[in-house]
Every structure is written in C-alpha cells, then in structure tokens.
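Heads up, the thing below is written out as structure tokens.
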Amino acid sequence: MKNILVTGGLGYIGSHTVVELQNEGFKVTIIDNLSNTRISVLDKIAEITGIKPDFHQIDLRIKSDVKNFFETNTVDGIIHFAAFKAVGESMQKPLDYYENNVNTLVYLLQEMRDRKLDNFIFSSSCTVYGQADILPITENATVKKAASTYGNTKQIGEEIIQESCKSHHLNAIALRYFNPIGAHSSVKIGELPLGVPQNLIPFVTQTAAGIRKELAVFGNDYPTTDGTAIRDYVHVVDLAKAHIAALQRLINKNNKEAFEFFNVGTGTGTSVLQVIKAFEKASGKPLNYKIVDRREGDITAAYADTSIANKELKWKSENTLEEALESAWKWQQQQN
Ligand code: WQD
C-alpha cells in the first residue's frame, strides 16, 4: 500500500484530499502544525473513512524536524498544502509568508532530493495569473507579476519546483486552484475560517447564520454584467479528486514532462451577486448584504479553461454551484 505524505492535511483542502486518498486505498501520513485548523479534524476524517491517518504535529519551518521525520518515515509521494493563504494578511506580514510558504517547500524538496523520493503535488493558485488578458484562462496564459505576497509565494514555489525537477529528477505537478468552496457530504469536515472570514462563501454562510450582520460586497462597478467581480467556484471535493488524478498520473509515470501544471476549476465564471442569488435559492434564506468599495488587490474576473485537466488528468468538476453552496450551508448549520 503506497504511503502518501499530506502536509497541511488537517486543513480545508488537505482534509478533503486525505479522505479521497483513503477512499482510493492509499495509506496517508499527515503533517500539520495546527496553526490554522483543529486536531478534531483528524477524528472526523476517521469517522468518514474508518481509517485514522498517521499524524505528526510538525512545523515545517523547523528544518531539523523535517529531517527527523524523513529519517523514520518512507513516503511514495507528497501532496504539499501547508502554507499561509490569506491574500490581505500576506501584504501585512510578507516575511512570515516567505518563511512559511517558501522555506518549508525548500526543506521538503531537499529531503526528496537527498532520499531520492519522487511524486510531488503542489498546491498552487490561479492567483499566479493576476488579471488574465484572455478568459477563460488557459495554462499558457502569461504568469504576471503577482498582485500579492501570497500570490508571489505560489509563483516562486512553482519556479523552485520546476528547477528541482530539472536538476534532481523529481516529477511534480502544480494544481492551480480557482476558488474552492463547499464541504464534504458527511458534514463532518468543511472550511474552518478562524476569526473573521476573508473569503466570500464562509462570510455568506456566517451572515445567513446570524454570526455576521451583513455581507459587504466589494464593489459593483466592475466591467461585468452586474458590476460585481467574477470567479470560478469549484467544490472542494472535486478539487480533492483532482489531486488523486494528478498523483496517479505521476505514480503511473503518465506525465509528459517532469514538471506539469493544471488549472483546476469548473470552467464557469460566477459574479458575487449571482453567488448571493444562488445561495438564497440553495439555503431558502434571504441574505443581508450591502455594496461597498472594491477590495484592494481584487481582479475583475477569473475562470478556468479546464480542457487540459479534463484531457490529461481525465478529471472534471461534477458538483454544481448550487450543490456546493448547499453543502457549505449544511456545514455552517452543523457548526452552529
Ligand atoms: C471572491 C470574490 C471578492 C469577501 C483568494 C485567493 C485565492 C484563494 C481564494 C487561497 C471577490 C468578493 C469576498 C467578502 C466580497 N486563496 N468578496 N465580500 O480573492 O477570489 O481568491 O481566495 O487558496 O488564491 O486569491 O477569493 O473568496 O476572497 O473573494 O465581495 O466579504 O468575493 O471581492 O470578488 P479571491 P475571495
């Protein structure tokens, strides 16, 4: 049974990917420093799959701890989620973001190099494209200068991996996520924003639950059909399954290049106002919102051309926006 290391495996996307890995028969070892999640997620994963993953509470910023882990653990592949991911926060604490998102990647890749480990999946983001010139966004769209430190750490991460693949015979895939939303159908795992949610959907569900007074819609003067910004909202379980497809591609040596990258989205763009309408329909609850100024650093529109992922990974998102929003609402109600 192949053993897959999942860093950040108790996080939002990480925990959903661990469930799908176990469903596919992989053994899973999780490293997480619990800085942005709760240890209870580990038991929830076990409740869903019946298998409790190995767990190591390790901070990947401590190089010696990373080394010690690999001295006693052999892995057949690594899916690397562990990173800070708040765009706004990254502008306030750039050095924390470079330390956590870049140093940890280097330490992991050094261990893979020294121990001749292979098969690395990297959690990247559509943020690397900035505001693309052409929509939908394909993988050969220009990678523009990042608009945020967070986005820059993802661009730098991809470059570091690409160079490692060239020099150390590593095989790796970067998955460029669009906007992950929703929760597992068991309602046992989902997005756990600690503090005031930065992302749209958790703010929507907390407003509907009465935890937040109203949703602030960041701008309705964008050049879009209804003036609000457009994104590609992809169900987190569909996103998790894309990681399995990417891992199988590497394990089965079906990759065409040592370093590959794929857009992971639905291929459909949805505006903020359209999300609100779809949520009201999915939850049966009217949503309190007001239009405010644009949020600094936001782009007008981003949605994926998924034809390469469809063809090469044989992966396609299956959940509709309404299904994703309904799962997010059920998860929020469970939290209350
Ligand atoms: C979505 C839309 C906002 C909150 C970022 C990262 C991306 C990924 C997801 C990590 C935008 C609007 C939001 C609110 C609003 N992060 N909005 N009111 O900024 O597209 O993507 O998070 O993996 O890499 O770039 O996501 O959910 O913050 O915003 O109107 O209270 O909702 O302006 O148009 P974003 P988001």
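Derivation of every value follows stated rules applied to the coordinates shown; laboratory data play no part. Everything quoted here is computed from the prediction, not taken from an experiment. No Cβ is skipped: glycine too gets one built from the backbone with ideal geometry, and neighbour counts run over all protein chains shown.
The share of Cα pairs per 5 Å bin across segment 105-173, counted from zero up to the longest distance, runs 3, 17, 25, 19, 16, 11, 6, 2, 0 percent. Relative intensity of segment 98-230 on a log10 scale, I(q)/I(0) at q = 0.15, 0.17 Å⁻¹, equals -0.96, -1.11, per a Debye sum over C-alpha point scatterers of equal strength in the absence of solvent. Remark on A304: its backbone amide H falls under 5 Å from those of I137, T266, G267, T268, a criterion applied only to residues 5 or more positions apart or on other chains, H modelled at 1.01 Å from N. With contributions of -39500 (n - 2.57) from each DSSP H run of at least four residues, the per-residue ellipticity at 222 nm computed over the chain stands at -11500 deg cm²/dmol.
Derived scalar couplings between HN and Hα for segment 128-133 equal 4, 7, x, 8, 5, 6 Hz in order, rounded to whole Hz, by the Karplus curve 6.51 cos²θ - 1.76 cosθ + 1.60 (θ = phi - 60°), x for Gly and Pro. Backbone phi angles across segment 26-43, fed through the Karplus curve with coefficients 6.51, -1.76 and 1.60 (θ = phi - 60°), yield HN-Hα couplings of 7, 7, 10, 10, 9, 10, 8, 9, 6, 6, 9, 7, 10, 4, 4, 4, 4, 5 Hz in residue order; Gly and Pro are listed as x.
Debye sum, Cα scatterers, segment 180-336, no solvent: what log₁₀ I/I(0) at q = 0.15, 0.17, 0.19 1/Å? One equal scatterer on each Cα of segment 180-336 leads to -0.84, -1.02, -1.19. With contacts taken as Cα pairs under 8 Å at a separation of at least 6 residues, segment 160-294 carries a relative contact order of 39 percent. Amide H contacts of I79 (H built 1.01 Å from N, in plane; Pro and chain starts excluded): L5, V6, T7, I121 sit under 5 Å, all sequence-distant by 5 or more or on other chains. Less than 12 Å Cβ to Cβ from E139, Lys/Arg counted +1 and Asp/Glu -1: what total charge do the surrounding residues give? Counting the neighbours of E139, the net charge comes to -3.
Once the gyration tensor of the Cα atoms in segment 78-125 is diagonalised, the equivalent ellipsoid follows with semi-axes of 24, 12, 5 Å, ordered largest first. A simple spin-label model places the labels of E89 and D65 1.7 nm from each other, with each point 7 Å out along Cα-to-Cβ.
For segment 56-73, putting each phi into the Karplus relation 6.51 cos²θ - 1.76 cosθ + 1.60 with θ = phi - 60° gives couplings of 10, 7, 10, 9, 5, 6, 9, 4, 5, 6, 5, 4, 4, 4, 6, 6, 10, 9 Hz, in residue order, rounded to whole numbers and with x for Gly and Pro.
Of all aspartates and glutamates in the structure, those lying under 17 Å Cα to Cα from K85, and not within fewer than 8 positions of it along the same chain, are D32, D59, D96, E99, E158, E191, E296, D298. Diagonalising the gyration tensor over the Cα atoms of segment 292-336 and scaling each eigenvalue by 5 before taking the square root yields semi-axes of 26, 23, 8 Å, largest first. Quick one: work out Rg over Rh on the C-alpha atoms of the chain, Rh as Kirkwood radius. Ratio of gyration radius to Kirkwood radius for the chain: 0.95. Around the amide H of V28, modelled in the peptide plane, lie the amide H atoms of I4, D54, all under 5 Å away and 5 or more residues distant in sequence or on another chain. Look at the Cα gyration tensor of segment 1-129: its axes a ≥ b ≥ c give a/c of at least 1.5 with a/b at or below b/c, and that counts as oblate. The distance from the alpha carbon centre of segment 168-224 to that of segment 61-76 is 31 Å, rounded to a whole number. Work out the FRET efficiency for K145 and M1 from their Cβ-Cβ distance, taking R0 = 51 Å, and round it to the nearest 0.05. Calculated transfer efficiency: 0.70.
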